[in-house]
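Novice: Quick one: this structure, given as C-alpha coordinates, is what I'll be asking you about.
The values are calculated or read from the model by the stated rules, or taken from the named source; none is laboratory data. All values derive from a computational prediction rather than experimental measurement. Cβ: placed from backbone, ideal geometry, glycine included. Neighbour counts: every protein chain shown.
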Amino acid sequence: MNAQDQALLDRVTAVFTEQFGHAPDLVVRAPGRVNLIGEHTDYNDGFVLPCAIGPANMVAISKRDDDRVDVVAADFDDARDSFALIPPPERNLSQPWADYVRGTLLVLQNDGHALSGAKIAIAGNLPKGAGLSSSAALAVAVGKANLALNGIDIDNRRLAQIAQKAECDFVGTQCGIMDQLISAQGKADHALLIDCRSLEVTDILIPDDVAIMIVHSGVTRGLVDGHYNDRRRQCEAAAAAMGVSALRDADLDNLAAANLDAVTTARARHVITENQRTLDAADALAKNDLVTLGMLMAQSHASMRDDFEITIPAIDDLVALLQNAIGDQGGTRMTGGGFGGAAVAIMPRARVADVQASINAAYKTPNGDAPLIMIERPGPGVAIL
Ligand code: GLA
(Lines give C-alpha, C1' and ligand atoms only; values in the text may rest on other atoms or scores of the structure.)
Protein backbone atom coordinates (compact mmCIF):
# COMPACT_ATOMS: atom_id res chain seq x y z
CA MET A 1 0.00 0.00 0.00
CA ASN A 2 1.36 3.45 -0.86
CA ALA A 3 1.90 6.14 1.79
CA GLN A 4 -1.13 8.19 0.71
CA ASP A 5 -3.50 5.20 1.08
CA GLN A 6 -1.84 4.14 4.34
CA ALA A 7 -2.35 7.61 5.86
CA LEU A 8 -6.01 7.60 4.81
CA LEU A 9 -6.51 4.06 6.14
CA ASP A 10 -4.97 5.06 9.49
CA ARG A 11 -7.20 8.12 9.67
CA VAL A 12 -10.49 6.38 8.84
CA THR A 13 -9.66 3.53 11.25
CA ALA A 14 -8.76 5.96 14.03
CA VAL A 15 -11.97 7.97 13.61
CA PHE A 16 -14.04 4.80 13.51
CA THR A 17 -12.41 3.43 16.68
CA GLU A 18 -12.71 6.71 18.53
CA GLN A 19 -16.39 7.16 17.66
CA PHE A 20 -17.61 3.58 18.04
CA GLY A 21 -15.21 2.17 20.67
CA HIS A 22 -13.85 -0.75 18.64
CA ALA A 23 -12.02 -1.46 15.37
CA PRO A 24 -14.05 -1.75 12.11
CA ASP A 25 -14.81 -5.13 10.52
CA LEU A 26 -13.59 -3.98 7.14
CA VAL A 27 -12.49 -0.96 5.13
CA VAL A 28 -13.29 -0.24 1.48
CA ARG A 29 -11.46 2.19 -0.80
CA ALA A 30 -13.04 3.79 -3.90
CA PRO A 31 -10.99 6.21 -6.03
CA GLY A 32 -11.85 9.54 -7.60
CA ARG A 33 -11.31 9.96 -11.31
CA VAL A 34 -10.02 12.32 -13.91
CA ASN A 35 -11.66 12.36 -17.32
CA LEU A 36 -9.13 12.78 -20.14
CA ILE A 37 -11.78 13.56 -22.77
CA GLY A 38 -15.48 12.93 -23.46
CA GLU A 39 -17.41 15.48 -21.39
CA HIS A 40 -21.21 15.44 -21.04
CA THR A 41 -21.27 12.54 -23.46
CA ASP A 42 -22.08 9.80 -20.93
CA TYR A 43 -25.77 10.63 -20.48
CA ASN A 44 -26.05 10.91 -24.28
CA ASP A 45 -25.13 7.20 -24.61
CA GLY A 46 -21.70 8.27 -25.91
CA PHE A 47 -18.02 7.68 -25.16
CA VAL A 48 -15.75 8.80 -22.29
CA LEU A 49 -12.06 8.25 -21.51
CA PRO A 50 -11.46 8.57 -17.76
CA CYS A 51 -8.94 6.98 -15.41
CA ALA A 52 -9.13 6.31 -11.69
CA ILE A 53 -6.63 8.34 -9.65
CA GLY A 54 -4.75 7.96 -6.35
CA PRO A 55 -6.89 10.16 -4.09
CA ALA A 56 -9.94 8.26 -2.83
CA ASN A 57 -12.67 7.88 -0.25
CA MET A 58 -12.46 5.16 2.38
CA VAL A 59 -15.35 3.69 4.32
CA ALA A 60 -14.75 1.75 7.56
CA ILE A 61 -17.71 -0.35 8.64
CA SER A 62 -19.05 -2.78 11.25
CA LYS A 63 -22.46 -4.41 11.74
CA ARG A 64 -25.11 -3.30 14.19
CA ASP A 65 -27.64 -5.87 15.31
CA ASP A 66 -30.63 -3.64 14.60
CA ASP A 67 -31.55 -1.68 11.46
CA ARG A 68 -29.99 1.67 12.40
CA VAL A 69 -27.13 3.18 10.46
CA ASP A 70 -24.76 5.54 12.29
CA VAL A 71 -22.35 7.48 10.14
CA VAL A 72 -19.47 9.79 11.01
CA ALA A 73 -17.74 11.96 8.38
CA ALA A 74 -14.13 12.62 9.33
CA ASP A 75 -13.75 15.36 6.72
CA PHE A 76 -16.72 17.35 8.03
CA ASP A 77 -15.53 17.77 11.63
CA ASP A 78 -16.78 14.32 12.57
CA ALA A 79 -20.36 15.32 11.69
CA ARG A 80 -22.81 12.49 12.38
CA ASP A 81 -25.87 11.12 10.67
CA SER A 82 -28.15 8.41 12.04
CA PHE A 83 -31.15 6.85 10.35
CA ALA A 84 -33.13 3.60 10.15
CA LEU A 85 -33.20 1.33 7.08
CA ILE A 86 -36.92 0.66 7.63
CA PRO A 87 -39.01 2.62 6.82
CA PRO A 88 -36.76 3.66 3.91
CA PRO A 89 -34.55 6.68 4.68
CA GLU A 90 -35.55 10.09 3.40
CA ARG A 91 -33.21 12.90 2.45
CA ASN A 92 -31.16 14.50 5.19
CA LEU A 93 -30.81 17.80 3.25
CA SER A 94 -28.92 19.58 6.05
CA GLN A 95 -25.78 17.52 5.35
CA PRO A 96 -25.31 16.89 1.62
CA TRP A 97 -22.65 14.19 2.16
CA ALA A 98 -25.14 12.15 4.19
CA ASP A 99 -27.54 11.87 1.26
CA TYR A 100 -25.01 9.84 -0.72
CA VAL A 101 -24.99 7.30 2.12
CA ARG A 102 -28.76 7.29 2.61
CA GLY A 103 -29.45 7.18 -1.14
CA THR A 104 -27.03 4.33 -1.82
CA LEU A 105 -28.46 2.18 0.98
CA LEU A 106 -32.00 2.89 -0.18
CA VAL A 107 -31.23 1.89 -3.78
CA LEU A 108 -29.39 -1.25 -2.62
CA GLN A 109 -32.45 -2.30 -0.63
CA ASN A 110 -34.77 -1.52 -3.55
CA ASP A 111 -32.47 -3.68 -5.68
CA GLY A 112 -33.36 -6.60 -3.40
CA HIS A 113 -30.36 -6.71 -1.06
CA ALA A 114 -31.13 -7.37 2.60
CA LEU A 115 -28.89 -5.08 4.65
CA SER A 116 -28.19 -5.01 8.36
CA GLY A 117 -27.69 -1.81 10.34
CA ALA A 118 -24.14 -0.51 10.37
CA LYS A 119 -21.61 1.79 11.98
CA ILE A 120 -19.74 3.70 9.31
CA ALA A 121 -16.82 6.13 9.25
CA ILE A 122 -15.92 8.01 6.08
CA ALA A 123 -12.69 9.81 5.21
CA GLY A 124 -11.21 10.95 1.92
CA ASN A 125 -8.32 12.84 0.40
CA LEU A 126 -9.97 14.08 -2.80
CA PRO A 127 -10.12 17.86 -3.05
CA LYS A 128 -13.80 18.83 -2.76
CA GLY A 129 -15.46 20.66 -5.63
CA ALA A 130 -12.56 19.95 -7.99
CA GLY A 131 -14.66 17.88 -10.38
CA LEU A 132 -12.75 14.70 -9.47
CA SER A 133 -15.86 12.77 -8.42
CA SER A 134 -15.54 12.57 -4.68
CA SER A 135 -19.30 12.05 -4.39
CA ALA A 136 -19.36 9.13 -6.85
CA ALA A 137 -16.41 7.58 -4.99
CA LEU A 138 -18.35 7.95 -1.75
CA ALA A 139 -21.45 6.20 -3.11
CA VAL A 140 -19.37 3.39 -4.64
CA ALA A 141 -17.40 2.87 -1.39
CA VAL A 142 -20.54 2.92 0.76
CA GLY A 143 -22.27 0.45 -1.56
CA LYS A 144 -19.35 -1.98 -1.68
CA ALA A 145 -18.77 -1.77 2.09
CA ASN A 146 -22.40 -2.53 2.98
CA LEU A 147 -22.59 -5.38 0.48
CA ALA A 148 -19.35 -6.90 1.78
CA LEU A 149 -20.52 -6.50 5.39
CA ASN A 150 -23.56 -8.60 4.54
CA GLY A 151 -21.61 -11.18 2.54
CA ILE A 152 -23.17 -10.07 -0.77
CA ASP A 153 -21.10 -10.04 -3.95
CA ILE A 154 -22.37 -8.18 -7.03
CA ASP A 155 -20.33 -7.22 -10.06
CA ASN A 156 -18.78 -3.78 -10.11
CA ARG A 157 -20.80 -2.67 -13.12
CA ARG A 158 -24.03 -3.26 -11.19
CA LEU A 159 -22.52 -1.51 -8.17
CA ALA A 160 -21.80 1.53 -10.38
CA GLN A 161 -25.38 1.54 -11.66
CA ILE A 162 -26.70 1.48 -8.10
CA ALA A 163 -24.44 4.38 -7.07
CA GLN A 164 -25.55 6.35 -10.15
CA LYS A 165 -29.22 5.71 -9.35
CA ALA A 166 -28.66 7.02 -5.82
CA GLU A 167 -27.27 10.25 -7.24
CA CYS A 168 -30.01 10.65 -9.89
CA ASP A 169 -33.09 9.56 -7.96
CA PHE A 170 -32.18 10.48 -4.38
CA VAL A 171 -29.70 13.37 -4.52
CA GLY A 172 -31.28 14.79 -7.68
CA THR A 173 -28.39 15.29 -10.13
CA GLN A 174 -29.29 13.63 -13.43
CA CYS A 175 -25.71 12.40 -13.91
CA GLY A 176 -24.43 9.78 -16.33
CA ILE A 177 -22.57 6.57 -15.46
CA MET A 178 -18.95 7.67 -16.04
CA ASP A 179 -17.87 8.60 -12.51
CA GLN A 180 -19.34 5.61 -10.74
CA LEU A 181 -18.18 3.16 -13.42
CA ILE A 182 -14.56 4.31 -13.40
CA SER A 183 -14.47 4.38 -9.59
CA ALA A 184 -15.78 0.80 -9.60
CA GLN A 185 -13.81 -0.58 -12.57
CA GLY A 186 -10.66 1.56 -12.81
CA LYS A 187 -7.45 -0.22 -13.79
CA ALA A 188 -3.89 0.66 -12.74
CA ASP A 189 -1.83 2.28 -15.53
CA HIS A 190 -4.83 2.42 -17.90
CA ALA A 191 -7.43 4.88 -19.06
CA LEU A 192 -10.76 3.24 -19.88
CA LEU A 193 -12.63 3.97 -23.09
CA ILE A 194 -16.21 3.43 -21.97
CA ASP A 195 -19.14 3.00 -24.31
CA CYS A 196 -21.84 4.46 -22.09
CA ARG A 197 -24.60 2.69 -24.02
CA SER A 198 -23.33 -0.90 -23.85
CA LEU A 199 -21.05 -0.22 -20.82
CA GLU A 200 -18.35 -2.06 -22.73
CA VAL A 201 -14.90 -1.00 -21.56
CA THR A 202 -11.62 -0.94 -23.52
CA ASP A 203 -8.35 -0.53 -21.53
CA ILE A 204 -5.82 1.89 -22.99
CA LEU A 205 -2.34 1.68 -21.48
CA ILE A 206 -0.79 4.99 -20.47
CA PRO A 207 2.95 4.55 -21.04
CA ASP A 208 5.26 5.01 -18.03
CA ASP A 209 6.89 8.09 -19.49
CA VAL A 210 3.56 9.91 -19.87
CA ALA A 211 2.32 11.98 -16.94
CA ILE A 212 -1.18 13.12 -16.06
CA MET A 213 -1.29 16.49 -14.31
CA ILE A 214 -4.40 17.83 -12.60
CA VAL A 215 -4.51 21.51 -11.65
CA HIS A 216 -7.37 22.73 -9.45
CA SER A 217 -8.50 26.21 -10.50
CA GLY A 218 -9.50 26.93 -6.90
CA VAL A 219 -13.04 27.67 -8.05
CA THR A 220 -15.18 24.95 -6.51
CA ARG A 221 -18.17 23.57 -8.28
CA GLY A 222 -21.51 22.06 -7.27
CA LEU A 223 -23.37 19.68 -9.53
CA VAL A 224 -26.78 20.17 -8.01
CA ASP A 225 -26.92 23.83 -8.92
CA GLY A 226 -29.17 23.25 -11.90
CA HIS A 227 -26.81 23.97 -14.79
CA TYR A 228 -26.02 20.30 -15.14
CA ASN A 229 -29.63 19.17 -15.35
CA ASP A 230 -30.34 22.03 -17.80
CA ARG A 231 -27.65 20.80 -20.16
CA ARG A 232 -29.04 17.30 -20.01
CA ARG A 233 -32.55 18.52 -20.86
CA GLN A 234 -31.21 20.50 -23.84
CA CYS A 235 -29.42 17.41 -25.16
CA GLU A 236 -32.53 15.28 -24.81
CA ALA A 237 -34.62 17.92 -26.58
CA ALA A 238 -32.12 17.98 -29.45
CA ALA A 239 -32.16 14.18 -29.76
CA ALA A 240 -35.98 14.10 -29.70
CA ALA A 241 -36.18 16.79 -32.39
CA MET A 242 -33.87 14.71 -34.61
CA GLY A 243 -35.92 11.57 -33.97
CA VAL A 244 -33.07 9.62 -32.35
CA SER A 245 -33.09 8.03 -28.90
CA ALA A 246 -29.82 9.74 -27.87
CA LEU A 247 -27.31 12.19 -29.40
CA ARG A 248 -24.96 9.22 -29.82
CA ASP A 249 -27.07 8.32 -32.85
CA ALA A 250 -26.97 11.74 -34.54
CA ASP A 251 -24.36 13.29 -36.84
CA LEU A 252 -23.69 16.85 -37.99
CA ASP A 253 -25.82 16.37 -41.13
CA ASN A 254 -28.82 15.36 -39.01
CA LEU A 255 -28.18 18.42 -36.87
CA ALA A 256 -28.04 20.80 -39.84
CA ALA A 257 -31.25 19.31 -41.26
CA ALA A 258 -33.09 19.66 -37.94
CA ASN A 259 -32.97 23.45 -37.93
CA LEU A 260 -32.97 23.82 -34.15
CA ASP A 261 -32.52 27.11 -32.29
CA ALA A 262 -28.95 28.36 -31.91
CA VAL A 263 -28.42 27.27 -28.31
CA THR A 264 -29.81 23.75 -28.75
CA THR A 265 -27.77 23.38 -31.95
CA ALA A 266 -24.59 24.38 -30.13
CA ARG A 267 -25.23 21.97 -27.23
CA ALA A 268 -25.84 19.07 -29.62
CA ARG A 269 -22.82 20.02 -31.75
CA HIS A 270 -20.61 19.74 -28.67
CA VAL A 271 -21.84 16.23 -27.87
CA ILE A 272 -21.72 14.95 -31.45
CA THR A 273 -18.19 16.24 -32.08
CA GLU A 274 -16.98 15.26 -28.58
CA ASN A 275 -17.99 11.64 -29.15
CA GLN A 276 -15.81 11.45 -32.25
CA ARG A 277 -12.93 13.26 -30.52
CA THR A 278 -13.06 10.74 -27.67
CA LEU A 279 -12.77 7.78 -30.04
CA ASP A 280 -9.94 9.52 -31.89
CA ALA A 281 -8.19 10.40 -28.61
CA ALA A 282 -8.33 6.77 -27.42
CA ASP A 283 -6.67 5.82 -30.71
CA ALA A 284 -4.00 8.49 -30.36
CA LEU A 285 -3.28 7.52 -26.75
CA ALA A 286 -2.97 3.85 -27.69
CA LYS A 287 -0.36 4.88 -30.29
CA ASN A 288 1.37 7.22 -27.79
CA ASP A 289 0.70 10.06 -30.23
CA LEU A 290 0.65 12.99 -27.82
CA VAL A 291 0.56 15.60 -30.59
CA THR A 292 -2.78 14.36 -31.95
CA LEU A 293 -4.08 13.81 -28.44
CA GLY A 294 -3.15 17.39 -27.56
CA MET A 295 -5.01 18.78 -30.58
CA LEU A 296 -8.13 16.80 -29.69
CA MET A 297 -8.01 18.02 -26.09
CA ALA A 298 -7.70 21.63 -27.27
CA GLN A 299 -10.73 21.16 -29.55
CA SER A 300 -12.63 19.60 -26.67
CA HIS A 301 -11.93 22.57 -24.43
CA ALA A 302 -12.99 25.06 -27.12
CA SER A 303 -16.19 23.11 -27.67
CA MET A 304 -16.98 23.07 -23.92
CA ARG A 305 -16.29 26.81 -23.80
CA ASP A 306 -18.11 27.97 -26.94
CA ASP A 307 -20.82 25.39 -27.64
CA PHE A 308 -21.62 23.75 -24.32
CA GLU A 309 -20.76 26.88 -22.28
CA ILE A 310 -19.60 25.09 -19.14
CA THR A 311 -16.16 26.62 -18.65
CA ILE A 312 -15.43 29.76 -16.63
CA PRO A 313 -12.78 32.44 -17.27
CA ALA A 314 -10.43 31.14 -14.55
CA ILE A 315 -10.38 27.69 -16.16
CA ASP A 316 -9.96 29.12 -19.67
CA ASP A 317 -6.95 31.08 -18.40
CA LEU A 318 -5.49 28.06 -16.64
CA VAL A 319 -5.88 25.88 -19.74
CA ALA A 320 -4.23 28.54 -21.93
CA LEU A 321 -1.29 28.77 -19.51
CA LEU A 322 -0.93 25.00 -19.39
CA GLN A 323 -1.06 24.67 -23.18
CA ASN A 324 1.55 27.34 -23.53
CA ALA A 325 3.84 25.58 -21.03
CA ILE A 326 3.35 22.12 -22.56
CA GLY A 327 3.77 23.13 -26.23
CA ASP A 328 2.56 20.62 -28.79
CA GLN A 329 3.85 17.47 -27.07
CA GLY A 330 0.67 16.88 -25.08
CA GLY A 331 -2.56 18.63 -24.25
CA THR A 332 -4.92 20.08 -21.70
CA ARG A 333 -8.59 20.82 -21.15
CA MET A 334 -11.10 21.36 -18.38
CA THR A 335 -12.14 18.05 -16.84
CA GLY A 336 -15.47 17.11 -15.24
CA GLY A 337 -18.93 18.63 -15.24
CA GLY A 338 -17.83 22.27 -15.51
CA PHE A 339 -18.51 25.66 -13.88
CA GLY A 340 -15.24 25.48 -11.93
CA GLY A 341 -13.08 22.56 -10.93
CA ALA A 342 -9.83 21.41 -12.48
CA ALA A 343 -7.87 21.20 -15.72
CA VAL A 344 -6.26 17.94 -16.79
CA ALA A 345 -3.04 17.88 -18.80
CA ILE A 346 -1.10 15.07 -20.45
CA MET A 347 2.58 15.42 -21.26
CA PRO A 348 5.87 13.55 -21.37
CA ARG A 349 6.98 12.91 -17.78
CA ALA A 350 10.21 14.78 -18.54
CA ARG A 351 8.20 18.01 -18.99
CA VAL A 352 6.45 17.88 -15.60
CA ALA A 353 8.86 19.96 -13.50
CA ASP A 354 8.97 22.81 -16.04
CA VAL A 355 5.22 22.91 -16.55
CA GLN A 356 4.63 22.83 -12.81
CA ALA A 357 7.04 25.71 -12.27
CA SER A 358 5.44 27.87 -14.94
CA ILE A 359 1.91 27.26 -13.62
CA ASN A 360 3.00 28.05 -10.08
CA ALA A 361 4.49 31.30 -11.31
CA ALA A 362 1.62 32.33 -13.59
CA TYR A 363 -1.67 31.08 -12.09
CA LYS A 364 -3.27 32.15 -8.83
CA THR A 365 -6.57 30.89 -7.42
CA PRO A 366 -9.28 33.50 -6.68
CA ASN A 367 -7.85 33.65 -3.12
CA GLY A 368 -4.45 34.58 -4.50
CA ASP A 369 -2.88 31.22 -3.63
CA ALA A 370 -0.79 28.92 -5.81
CA PRO A 371 -3.03 26.20 -7.28
CA LEU A 372 -3.14 22.60 -6.07
CA ILE A 373 -1.22 20.52 -8.65
CA MET A 374 -1.46 16.73 -8.63
CA ILE A 375 0.69 14.38 -10.70
CA GLU A 376 -1.18 11.13 -11.16
CA ARG A 377 -0.84 7.64 -12.58
CA PRO A 378 -4.05 5.71 -13.24
CA GLY A 379 -4.92 3.52 -10.25
CA PRO A 380 -7.25 0.59 -9.55
CA GLY A 381 -11.00 0.73 -8.91
CA VAL A 382 -12.93 -0.03 -5.74
CA ALA A 383 -11.45 -2.64 -3.39
CA ILE A 384 -11.86 -4.13 0.06
CA LEU A 385 -8.60 -3.48 1.89
C1 GLA B 1 -20.27 14.83 -13.92
C2 GLA B 1 -21.27 13.67 -14.02
C3 GLA B 1 -20.84 12.68 -15.10
C4 GLA B 1 -20.53 13.38 -16.42
C5 GLA B 1 -19.62 14.59 -16.20
C6 GLA B 1 -19.44 15.40 -17.45
O7 GLA B 1 -19.04 14.36 -13.46
O8 GLA B 1 -21.37 12.99 -12.78
O9 GLA B 1 -21.83 11.69 -15.26
O10 GLA B 1 -21.70 13.73 -17.08
O11 GLA B 1 -20.11 15.45 -15.18
O12 GLA B 1 -18.77 14.68 -18.42
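Novice: I need the full set of residues from region 252-291 which are loosely packed, with under 15 Cβ neighbours inside 10 Å and more than 30 Å from ALA211 (Cα to Cα), in order please.
Specialist: Across region 252-291, the qualifying residues are LEU252, ASP253, ALA256, ALA257, ASN259, ASP261, ALA262, VAL263.
Novice: Check off (1) more than 10 Å from the ligand (Cβ to nearest atom); (2) of a type in the set (Ser, Thr, Tyr); (3) over 21 Å from ILE53 (Cα atoms) for THR173 and give me the number that stays unchecked.
Specialist: (1)
Novice: Could you tell me whether GLN299 is polar (S, T, N, Q) and touching a Lys or Arg at 6+ places or on another chain (Cβ under 7 Å)?
Specialist: yes
Novice: Right, another one. Would you check if ALA184 is within 16 Å of the ligand (Cβ to nearest atom), in a helix (DSSP H, G or I), within 30 Å of ALA281 (Cα to Cα) and in contact (Cβ under 8 Å) with a residue 12 or more places away in the chain?
Specialist: Considered against the rule, which asks whether it is within 16 Å of the ligand (Cβ to nearest atom), in a helix (DSSP H, G or I), within 30 Å of ALA281 (Cα to Cα) and in contact (Cβ under 8 Å) with a residue 12 or more places away in the chain, ALA184 comes out as yes.
Novice: Taking the condition buried (at least 16 other Cβ atoms within 10 Å of the Cβ) and basic (Lys, Arg), does ARG248 pass?
Specialist: Considered against the rule, which asks whether it is buried (at least 16 other Cβ atoms within 10 Å of the Cβ) and basic (Lys, Arg), ARG248 comes out as yes.
Novice: Do the conditions hold for ALA56, that is, is it modelled with pLDDT under 95 and either in the same structural domain as MET178 (by TED's automatic domain parsing) or polar (S, T, N, Q) (or both)?
Specialist: No.
Novice: Further question: Only one residue in GLY112, GLY151, GLY129 is more than 20 Å from ARG11 (Cα to Cα) and in contact with a Ser or Thr (Cβ under 6 Å, 6 or more places away or on another chain). Which one? If you could, list the steps in order and put the result at the bottom.
Specialist: Values: GLY112 fails: in contact with a Ser or Thr (Cβ under 6 Å, 6 or more places away or on another chain); GLY151 fails: in contact with a Ser or Thr (Cβ under 6 Å, 6 or more places away or on another chain).
Sole residue among the options that is more than 20 Å from ARG11 (Cα to Cα) and in contact with a Ser or Thr (Cβ under 6 Å, 6 or more places away or on another chain): GLY129.
Novice: With the condition kept exactly as written, say whether any residue in region 62-76 is surrounded by fewer than 21 Cβ atoms within 10 Å (Cβ to Cβ), of a type in the set (S, T, N, Q) and over 26 Å from the mean Cα position of the chain (by Cα).
Specialist: Yes, the conditions are met somewhere in region 62-76.
Novice: Follow-up. Do the conditions hold for LYS144, that is, is it within 29 Å of LYS187 (Cβ to Cβ), in contact (Cβ under 8 Å) with a residue 40 or more places away in the chain, of a type in the set (Lys, Arg) and surrounded by 21 or more Cβ atoms within 10 Å (Cβ to Cβ)?
Specialist: yes
Novice: Which residue is farthest from ARG64 (Cα to Cα), if the candidates are limited to region 108-129 and must be under 20 Å from the mean Cα position of the chain (by Cα) and hydrophobic (A, V, I, L, M, F, W, C)?
Specialist: The extreme case among them is LEU126.
Novice: Moving on. Looking only at region 292-299, decide whether some residue is loosely packed, with under 15 Cβ neighbours inside 10 Å and without any contact (Cβ under 8 Å) to a residue 24 or more places away in the chain.
Specialist: no
Novice: A further question on this structure: Scan region 222-236 and tell me whether some residue there is within 16 Å of the ligand (Cβ to nearest atom), in contact with a Cys (Cβ under 8 Å, 6 or more places away or on another chain), under 30 Å from VAL69 (Cβ atoms) and of a type in the set (D, E, K, R).
Specialist: Within region 222-236 (the criterion being within 16 Å of the ligand (Cβ to nearest atom), in contact with a Cys (Cβ under 8 Å, 6 or more places away or on another chain), under 30 Å from VAL69 (Cβ atoms) and of a type in the set (D, E, K, R)), the answer is no, since none of the residues qualifies.
Matching residues to (1) under 18 Å from ILE214 (Cβ atoms); (2) surrounded by fewer than 21 Cβ atoms within 10 Å (Cβ to Cβ); (3) of a type in the set (Gly, Ala, Ser):
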residue: ASP307; (1), (2), (3): no, yes, no
residue: ILE312; (1), (2), (3): yes, yes, no
residue: ALA343; (1), (2), (3): yes, no, yes
residue: PRO348; (1), (2), (3): yes, yes, no
residue: VAL352; (1), (2), (3): yes, yes, no
residue: ILE384; (1), (2), (3): no, yes, no
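Novice: Consider ARG197 against the criteria (1) within 10 Å of the ligand (Cβ to nearest atom); (2) out of contact with any Leu (no Cβ under 7 Å at 6 or more places or on another chain); (3) of a type outside the set (Gly, Ala, Ser): it satisfies all of them except one. Which criterion is unmet?
Specialist: If we test ARG197 against (1) within 10 Å of the ligand (Cβ to nearest atom); (2) out of contact with any Leu (no Cβ under 7 Å at 6 or more places or on another chain); (3) of a type outside the set (Gly, Ala, Ser), just (1) comes out false.
Novice: Considering each of ASP77, ASP111, ASP99 in turn, give the residue that is of a type in the set (Asp, Glu) and either at pLDDT below 95 or within 23 Å of GLU18 (Cα to Cα) (or both).
Specialist: ASP77
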